[in-house]
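One structure below.
The values are calculated or read from the model by the stated rules, or taken from the named source; none is laboratory data. Keep in mind it's a predicted model, so treat the numbers as computed, not measured. Virtual Cβ from ideal backbone geometry, glycine too; neighbours counted across all protein chains shown.
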Amino acid sequence: MPTSFIPTAADLLRLSPDIVLTAGGALMMVIEPLTGAARKARMAAIAVLLIAAAMALSVMAYSDPGTSFSGMLVVDGFSTFFRILVYGCGLLTVLMSVDYFKRERGSESGEYYALIVFSLVGQSLMASANELVLLFIGLEISSIAGYIMAGYLRDDKRNNESALKYFLLGSFATAFMLYGVAWIYGLTGSTNLDTVRRAILGGAMEQSGQMLMIATALMFVGFAFKISAAPFHVWAPDVYQGAPAPVAAFLSAGAKAAAFAMLVRVAASAFFPLSAKWEMLLWATALATMIVGNFAALRQSNIKRMLAYSSVAHAGYILVAVTAHSEVGIAAVMFYLASYVLMTIGVFAVVTLVASKGERFVEIDDFSGLVQRQPMLAIALTIFLFSLIGIPLTGGFFAKFYVFKAALDSNLTWLTILGLLNSAAAAFYYLRVLVVMYMKPAAEGAGPVDPAGIGIKAAIVASAVGTLYLGVYPSAVLDFAGKAAQLVK
Amino acid sequence: MPPELTQLLPASVPLSWYLVLSAILFSLGIAGFLFRRNIITVFMSIELMLNAVNLTFVAFSYHLKQVDGHIFSFFVMVVAAAEAAVGLAIILTVFKNRATLEIDEVSSMKL
């Protein structure tokens with residue numbers, strides 16, 4: 001029980017990134033209608049400043065790690081890593097959205113950036129929550145903003161459909177997770193992750209083991225939806241295909257990273273005593289997710305839909321590392337997500353540019369002859385696709401390497417072999433894009449690619465540099481991930 | 001109530017009754033979500049599931065003699081209200097663009 005309800009300075013510092021983003025986002029909503037149409041571009045600049053401030057504050061908060069608000073929130077290496085990761089993802093999304101909305105709507109709109117900021121609050125709470133109800137609130141803050149963003153161009157039928165499917169299936173999944181939380185609360189008398197862990201160790205398992213397993217299974221359904229693991233992935237292709245390309249990037253990178261953060265923390269802290277029972281479930285889900293993602297991606301002709309299935313497959317690889325249930329596995333998850341976020345944002349930024357007004361050119365064949373039309377863009381896309389395949393000198397290579405190494409360390413030999421076979425099959429559909437881009441002449445109808453604005457250029461360059469950096473010097477990020485993985489308890 | 005009837009009924013409703021009721025409500029919500037074709041009805045099914053969760057929270061909270069569960073159910077209500085606001089707005093834009101609320105007709109993207 002708290003001795004005092006007045007938060008201490010340490011409490012506030014540990015929550016400060018979220019406080020700044022919440023207050024800043026609310027302020028943006030207030031000044032947005034008061035800003036003239038010509039000055040709306042400022043809203044993107046405000047969002048960039050806010051996110052940068054939140055990044056700086058989360059680094060400052062890490063100088064004094066610990067829990068705050070009587071164990072509700074925890075600041076450790078793990079949560080700081082994911083906070084920076086989702087903020088970085090938000091930053092890149094803001095940069096690539098500026099030109100997109102100018103192109104699609106002819107005008108800027110400020111509330112979109114406020115929604116990104118709000119979504120980041122939720123994602124950062126998901127990464128740092130030490131309590132199931134706070135976890136749920138973070139998840140909802142992030143998701144509700146995501147529902148609106150997925151349908152942001154409200155006159156576009158594809159956007160409508162994407163938002164509707166995301167909303168209905170997302171809230172359906174949340175209800176499952178919440179029902180699981182309610183049962184965990186009933187069986188252990190608490191929703192704090194540490195207390196739940198102690199209760200499970202201290203006899204809740206013997207008293208009501210069956211109900212406990214059902215409750216964790218219900219929660220797992222909710223998590224599986226959010227990380228788009230098979231068989232709960234069916235929403236992902238429709239949502240990513242229909243949503244505006246920058247939003248699809250944001251949802252498939254940042255929202256997925258935050259969902260994995262919450263899955264890993266719950267599995268490694270509260271339900272660690274149950275890990276032997278979870279292993280079969282995770283093993284099967286990881287394998288099914290890889291297979292479904294890769295083999296469905298092979299058949300796609302729409303590039304956004306193909307990338308959606310590929311993001312399902314990547315969730316499968318990350319689940320392999322989660323299945324390992326070790327500190328090496330957690331570090332591998334963190335490294336994988338860092339490189340996954342960079343390459344996904346990058347590839348979606350290139351798709352945003354090539355798609356042109358109204359997202360007309362989103363078929364894979366529309367990329368034909370890109371190397372003649374836009375050589376720089378083609379090189380950037382090559383880097384991202386190489387990284388998605390997992391070719392050396394890109395972040396994707398080391399990401400896959402560490403994931404499978406962690407799986408081997410935990411004696412998951414068969415899962416490793418099947419995972420490697422899967423990633424070989426995956427190379428096929430990424431290479432198809434490369435072949436079309438380099439070997440085929442430009443199609444008759446393919447218009448010139450619009451000149452890129454400064455924002456989207458910066459986003460592409462930053463993700464390409466980041467991808468190559470992780471591929472050449474993985475040790476800096478990996479060392480931090482290794483240290484942070486020990487703190488998850 | 002006549003005295004012989006009060007003797008038949010238990011002094012207080014046992015916890016398991018609440019839990020069974022909430023499980024039934026939750027299952028009805030799932031069934032409605034899966035089998036109903038009207039978007040508004042599907043949305044109401046989700047709300048039913050959230051209310052089943054609330055009932056579970058409150059029942060456990062009463063049983064454990066804690067106040068935490070009551071507070072959680074308030075959080076769930078607030079989130080459900082926010083979700084309803086956004087959800088109905090999304091449903092409204094879908095209706096404006098397509099003039100239908102049948103969920104099978106809102107499916108232009110191939111599987």
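Quick notes on this one:
- Verdict on residue A:482 being over 27 Å from residue A:272 (Cβ atoms) and either of a type outside the set (A, V, I, L, M, F, W, C) or surrounded by 15 or more Cβ atoms within 10 Å (Cβ to Cβ) (or both): no
- Once the stretch A:1-46 is narrowed to residues that are part of a helix (DSSP H, G or I) and of a type in the set (S, T, N, Q), the residue that is farthest from residue A:65 (Cα to Cα) is A:22.
- Helices (runs of 4 or more DSSP H) completely within the stretch A:88-205 that count 2 or more residues being buried (at least 24 other Cβ atoms within 10 Å of the Cβ), more than 13 Å from chain B (Cβ to nearest Cβ) and among the aliphatic types (A, V, I, L, M): A:110-128
- Of all residues in the stretch B:29-45, those satisfying the criterion of being at the interface with chain A (Cβ under 9 Å from one of its Cβ atoms) and either of a type in the set (Asp, Glu) or touching a residue at least 24 places away in the same chain (Cβ under 8 Å) (or both) are B:39, B:42, B:43.
- Entirely in the stretch A:397-489, the helices (runs of 4 or more DSSP H) that have 2 or more residues that are in contact with a Ser or Thr (Cβ under 7 Å, 6 or more places away or on another chain): A:413-439, A:454-472
- Of the residues making up the stretch B:90-104, those that are of a type in the set (Val, Ile, Thr) and either more than 8 Å from chain A (Cβ to nearest Cβ) or touching a residue at least 12 places away in the same chain (Cβ under 8 Å) (or both) are B:91, B:94, B:100, B:103.
- All positions within the stretch A:196-232 that are touching a residue at least 24 places away in the same chain (Cβ under 8 Å), farther than 21 Å from residue B:30 by Cβ and not aliphatic (A, V, I, L, M): A:197
- Count of the stretch B:57-75 residues which are within 9 Å of chain A (Cβ to nearest Cβ), out of contact with any Phe, Trp or Tyr (no Cβ under 7 Å at 6 or more places or on another chain) and in a helix (DSSP H, G or I): 6
Each row is one residue, and each column tells you yes or no for (1) at pLDDT 90 or above; (2) out of contact with any strand residue (DSSP E or B) (no Cβ under 9 Å at 6 or more places or on another chain); (3) hydrophobic (A, V, I, L, M, F, W, C).
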{"residue": "B:3", "(1), (2), (3)": "no, yes, no"}
{"residue": "B:12", "(1), (2), (3)": "no, yes, no"}
{"residue": "B:25", "(1), (2), (3)": "yes, yes, yes"}
{"residue": "B:28", "(1), (2), (3)": "yes, yes, yes"}
{"residue": "B:31", "(1), (2), (3)": "yes, yes, yes"}
{"residue": "B:35", "(1), (2), (3)": "yes, yes, yes"}
{"residue": "B:39", "(1), (2), (3)": "yes, no, yes"}
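- Of the criteria (1) assigned to a helix (DSSP H, G or I); (2) surrounded by 22 or more Cβ atoms within 10 Å (Cβ to Cβ), which one residue A:232 fails: (1)
Table: residues versus (1) under 19 Å from residue A:298 (Cβ atoms); (2) in contact (Cβ under 8 Å) with a residue 60 or more places away in the chain; (3) touching a Lys or Arg at 6+ places or on another chain (Cβ under 9 Å).
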{"position": "A:355", "(1), (2), (3)": "no, yes, yes"}
{"position": "A:360", "(1), (2), (3)": "no, no, no"}
{"position": "A:377", "(1), (2), (3)": "no, yes, no"}
{"position": "A:385", "(1), (2), (3)": "yes, no, no"}
{"position": "A:409", "(1), (2), (3)": "no, yes, no"}
{"position": "A:415", "(1), (2), (3)": "no, yes, no"}
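- Of all residues in the stretch B:76-104, those being β-branched (Val, Ile, Thr) and not in a helix (DSSP H, G or I) number 1.
- Candidates A:249, A:258, filtered to the one that is touching a helix residue (DSSP H, G or I) at 6+ places or on another chain (Cβ under 7 Å), over 22 Å from residue A:306 (Cβ atoms) and at pLDDT 95 or above: A:258
Yes/no matrix, rows are residues, columns are (1) more than 21 Å from residue A:485 (Cβ to Cβ); (2) buried (at least 20 other Cβ atoms within 10 Å of the Cβ); (3) within 14 Å of chain B (Cβ to nearest Cβ):
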residue: A:255; (1), (2), (3): yes, yes, no
residue: A:260; (1), (2), (3): no, yes, no
residue: A:266; (1), (2), (3): no, yes, no
residue: A:283; (1), (2), (3): no, no, no
residue: A:286; (1), (2), (3): no, yes, no
residue: A:289; (1), (2), (3): yes, yes, no
residue: A:317; (1), (2), (3): no, yes, no
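- Qualifying residue in the stretch A:62-70 (condition: more than 21 Å from the chain's Cα centre (by Cα), surrounded by fewer than 22 Cβ atoms within 10 Å (Cβ to Cβ) and part of a helix (DSSP H, G or I)): yes
- Hey, residue B:87 facing chain A (nearest Cβ under 7 Å), buried (at least 22 other Cβ atoms within 10 Å of the Cβ), farther than 23 Å from residue A:161 by Cα and of a type in the set (Gly, Ala, Ser) or not: no
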